[in-house]
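Shown next, in structure tokens, is the structure this report addresses.
The values are calculated or read from the model by the stated rules, or taken from the named source; none is laboratory data. For clarity, every value in this text was computed on a predicted model and none was experimentally measured. In this analysis, Cβ positions are derived from the backbone assuming ideal geometry, glycine residues included, and neighbour counts consider all displayed protein chains. Each accessible area value is taken on the protein alone, full model and side chains, heavy atoms only, with ligands, DNA and RNA left out. Shrake-Rupley method; radii C 1.70, N 1.55, O 1.52, S 1.80 Å.
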Amino acid sequence: MRLINSFKFIVDNNVGKLAKWLRIMGYDTLFFNGRNDSRMIATALAEGRVILTRDTQIMKRRVVTSGRLKAILIKSDKPELQLHQVTDTLNLDSQFKPFTLCLECNQSLLKRSKQQVKDLVPPYVFQTQSQYMECPACHRIYWRGTHWQAMTKKLKNFIKG
Ligand SMILES: [Zn+2]
């Protein structure tokens, strides 16, 4: 049996690209766009999220040093190395829940039938794809097309390092 670690994350704006990659893998990842560290810490505690940051000050907070709140200090400024650090540290699975979260708003995607998306996707997509998902927040339609496949391939390469 494979052990699956089901972490949730909050990333601050100096590691923003990480959020998208974690969402591609299916990990619930909030993007924190404010400057108020205390608010980010409060959200992380309330929702059980691991903080990903390049801010050494956050790492010195008592709530982090005491181990009450898990935070990872991201070392690199390159997104692929950042992702590698996080997946390696927490033993994340690139195939955790692929294709389940909106990459823009972190909402759970909803299944849509082919007929439901008929007028919402390009004709060539409609002809070749049978599975569709919709974000309930931004109404973006997702399908496992070439773009998605390219991203997941890149993701696997990142993780392999
Ligand atoms: Zn969305």
P(r) histogram, all alpha-carbon pairs of the stretch 94-161 included - 10 Å bins from 0, percent: 20, 48, 27, 5, 0
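When the gyration tensor of the stretch 1-50 is built from Cα positions, what are the square roots of 5 times its three eigenvalues, in whole Å, from largest to smallest?
Details: eigenvalues 91, 39, 7 Å².
In descending order the semi-axes read 21, 14, 6 Å.
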Filter on Lys60/Lys156; Lys78/Lys111; Lys60/Lys160; Lys8/Lys60; Lys60/Lys97; Lys20/Lys160 - keep pairs with C-alpha separation over 25 Å: Lys60/Lys156; Lys78/Lys111; Lys60/Lys160; Lys60/Lys97
Considering only the stretch 1-128, percent of DSSP beta bridges that pair antiparallel, nearest 5: 10 percent
Amide H within-cut-off set for Ile72, under 5 Å, with H built and near neighbours excluded: Ile51, Leu52, Thr53
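For the chain, what does -39500 (n - 2.57) per DSSP helix run (n ≥ 4), summed and divided by total residues, give at 222 nm, in deg cm²/dmol to the nearest 500?
Values: 7 runs with 62 residues, N = 161.
Value at 222 nm, helices only: -11000 deg cm²/dmol.
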At q = 0.17, 0.18 Å⁻¹, base-10 log of I(q)/I(0) for the stretch 39-130 (Debye sum, equal scatterers on each alpha carbon): -0.88, -0.94
Lys8 paired with Glu47, simple spin-label distance in nm, labels 7 Å along Cα-to-beta-carbon: 0.7 nm
HN-Hα J in Hz across the stretch 97-106 - Karplus 6.51, -1.76, 1.60, θ = phi - 60°, x for Gly and Pro: 9, x, 6, 10, 10, 5, 6, 8, 10, 6
Pair Arg62, Leu90: separation of 7 Å Cα→Cβ label points (nm): 2.6 nm
Surface share of carbon and sulfur [accessible, 1.4 angstrom probe, percent] for the chain: 49 percent
Selection of GluC sites (Glu not before Pro), the stretch 13-120, meeting DSSP coil and at most 14 other Cβ within 10 Å: Glu104
Cβ-placed point charges (K, R +1; D, E -1), dipole of the chain about Cα centre in debye, nearest 20: 200 debye
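Keeping all protein chains in place, calculate the accessible area per residue for the stretch 1-68 (probe 1.4 angstrom), answer in Å². Don't skip to the end; give the middle numbers.
On the way: 3890 Å² over 68 residues.
Value returned for the stretch 1-68: 57 Å² of accessible area per residue.
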Whole-number D in µm² s⁻¹ for the chain, Kirkwood Cα-pair radius fed into Stokes-Einstein, 20 °C, 1.002 mPa s: 127 µm²/s
In Hz, Karplus ³J(HN,Hα) per residue of the stretch 37-48 (6.51, -1.76, 1.60; θ = phi - 60°; x = Gly, Pro): 4, 4, 5, 5, 5, 4, 5, 4, 5, 5, 10, x
